[in-house]
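Student: Please read through the structure below; I'll follow up with questions.
The values are calculated or read from the model by the stated rules, or taken from the named source; none is laboratory data. Only a predicted model underlies this, so the values are computations on that prediction, with no experimental measurement involved. In this analysis, Cβ positions are derived from the backbone assuming ideal geometry, glycine residues included, and neighbour counts consider all displayed protein chains.
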Amino acid sequence: MAKGVVTVTEEKQRIDEEDRLKKTARWRDLLAFWLLGLCNNYGYVVMLSAAHDILTKGFSEDQADQNFDENVHNNTSGEHIRICNPISTGAILLADILPCLAVKLVFPFIPFYVHARVASCILFSAAGLLLVALGNSSLLLILGVVLTSISSGVGETTLLSYSNRFNKHVISTWSSGTGGAGIFGAISYAGLKIWLSTRDTLLLMLIVPVLEAIAFWFILVHPTQPMMPFRSEIGSQEQMIKVPEQTFSEKMKLLPTLMKFMIPLGLVYFFEYFINQGLLELIQFEKIWLPHDAQYRWLQVDYQIGVFISRSSAVFFTIDKIWIMSVLQFINVIILLCETLFYYVPNIWIIFALVLWEGLLGGGAYVNTFYRMVKELPSGDREASMGIASLADSIGIALAGWAAMPVHNVICKLPPPIRS
């Protein structure tokens with residue numbers, strides 16, 4: 001009898017220990033995916049926050065901020081003119097998204113070697129920051145932006161697909177981390193630029209690829225075999241089953257089903273990046289507490305705060321009708337386009353409120369799209385579907401970059417109205 005009691009006790013201890021390890025692993029996974037989302041999107045955000053600086057002064061001495069603002073008021077002809085970059089920030093957006101889009105078009109359809117993919121993602125990220133920080137020609141600067149873009153694309157397609165092998169809530173922490181990248185990337189760039197040169201700011205940011213490596217190889221608890229969770233139709237017990245890798249033709253057959261997720265998401269991102277890289281640099285408030293260059297940088301911070309809040313919201317509530325967000329985002333485009341033409345908004349704080357709302361819509365569309373996919377798609381299709389659906393936002397962003405450039409050129413040729 002005593003032997004039997006010991007056996008039962010040992011079995012209970014073993015079960016308790018397994019439960020403890022599972023809980024620890026779950027929290028490690030949630031933390032790791034938050035950090036991975038943060039690190040993966042960080043460089044991409046920094047390049048967009050620096051876009052106006054790249055085009056205005058090519059990373060020359062930081063005193064140009066003041067000179068640029070003074071030119072608004074002190075042009076020698078006395079004529080009231082728009083101060084515009086020769087090229088729209090949409091050009092930097094294209095350099096920051098087209099390589100990412102190319103990666104997303106290819107990577108969902110090639111073999112899934114997750115460790116090799118993440119290693120290449122980290123190396124590209126570090127190389128991109130180094131080139132933009134140290135480059136002394138426009139070619140090197142653009143190449144640095146391109147490498148950062150490739151890193152982001154490889155990371156998103158790989159880690160979104162890989163998330164399907166973990167608890168479904170890692171989608172929420174991944175999305176929250178990508179939103180956090182927006183805040184930390186935009187604030188760290190805008191804030192550090194107050195004290196440091198752009199070169200020193202970007203060199204300091206090399207800590208981010210190191211953090212990404214730590215999160216993936218030391219915090220994340222990797223599955224011991226290529227298996228994924230499958231929730232049984234009967235009961236709620238989670239089972240583990242092997243899923244054979246889908247062929248290229250099988251993945252292509254998923255596209256029609258995914259259109260209901262991809263089209264609304266793509267539209268939301270088209271509208272919001274048309275605003276960010278096509279309109280915000282053309283909204284100018286003169287003789288206020290922020291010079292024009294700083295207005296652009298802090299509006300980017302404001303947008304990213306909205307993105308972070310909404311990408312972290314799926315833990316509390318979800319929204320199924322993503323198309324509503326695309327309609328609301330289109331309304332934002334109309335409001336802000338009219339502002340660039342007529343200067344009818346009396347105070348910059350109203351613009352800050354609109355841009356925050358724009359970020360809330362964009363982040364909400366992203367997290368709710370992928371959360372719906374986790375809930376609605378068959379388990380065997382999720383891994384490939386997540387990578388394919390990530391194309392939608394990149395296509396929308398790329399189209400926004402193309403559209404922003406001619407709109408920028410047309411508006412810059414117009415005489416600015418006098419703000420009342």
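Student: When only residues in segment 348-373 that are free of Cβ contacts under 8 Å to residues at least 24 places away in the same chain and of a type outside the set (Val, Ile, Thr) count, which is farthest from ALA404 (Cα to Cα)?
Tutor: Among those that are free of Cβ contacts under 8 Å to residues at least 24 places away in the same chain and of a type outside the set (Val, Ile, Thr), it is TRP349.
Student: Select from segment 235-287 the residues that are modelled with pLDDT under 85, among the β-branched types (Val, Ile, Thr) and surrounded by 13 or more Cβ atoms within 10 Å (Cβ to Cβ) and list them in ascending order.
Tutor: Selection gives VAL243 alone.
Student: Among the residues of segment 173-214, which ones are among the charged types (D, E, K, R) and under 21 Å from CYS121 (Cα atoms)?
Tutor: Across segment 173-214, the qualifying residue is only GLU212.
Student: Being touching a Lys or Arg at 6+ places or on another chain (Cβ under 6 Å), buried (at least 21 other Cβ atoms within 10 Å of the Cβ), of a type in the set (Gly, Ala, Ser) and part of a helix (DSSP H, G or I) is true for just one of GLY179, GLY155. Which residue is that?
Tutor: GLY179
Student: Starting from segment 281-307, take each residue that is closer than 17 Å to LEU341 by Cα and list its partners that are among the hydroxyl-bearing types (Ser, Thr, Tyr) and part of a loop (DSSP other than H, G, I, E, B), counting only C-beta distances under 6 angstrom and pairs at least six apart or across chains.
Tutor: Matching pairs, first to second residue: GLU281/THR89.
Student: Now, a different point. Quick one: which helices (runs of 4 or more DSSP H) sit completely within segment 320-420 and have at least 3 residues that are among the hydroxyl-bearing types (Ser, Thr, Tyr) and surrounded by 19 or more Cβ atoms within 10 Å (Cβ to Cβ)?
Tutor: 348-376
Student: Confirm whether ALA384 is of a type in the set (Gly, Ala, Ser) and under 24 Å from PHE274 (Cβ atoms).
Tutor: Numbers: of a type in the set (Gly, Ala, Ser): yes; under 24 Å from PHE274 (Cβ atoms): no.
The answer is no for ALA384.
Student: Kindly indicate which of LEU130, LEU141 is part of a helix (DSSP H, G or I) and surrounded by 19 or more Cβ atoms within 10 Å (Cβ to Cβ).
Tutor: LEU141
Student: Right, something else. Please name all residue pairs, on different chains or six or more residues apart, with Cβ atoms under 9 Å, provided the first residue is in segment 136-162 and is at pLDDT below 90 and acidic (Asp, Glu) and the second residue is buried (at least 24 other Cβ atoms within 10 Å of the Cβ) and not in a helix (DSSP H, G or I).
Tutor: GLU156/SER390
Student: Please tell me if LEU105 is over 30 Å from GLN284 (Cβ atoms), within 16 Å of the chain's Cα centre (by Cα) and either surrounded by fewer than 17 Cβ atoms within 10 Å (Cβ to Cβ) or in contact (Cβ under 8 Å) with a residue 60 or more places away in the chain (or both).
Tutor: Here the answer is no, as LEU105 does not meet what is asked.
Student: Of the conditions (1) surrounded by 18 or more Cβ atoms within 10 Å (Cβ to Cβ); (2) over 19 Å from the mean Cα position of the chain (by Cα); (3) not basic (Lys, Arg), SER310 satisfies every one except a single condition; which number is it?
Tutor: Result: SER310 passes all but (2).
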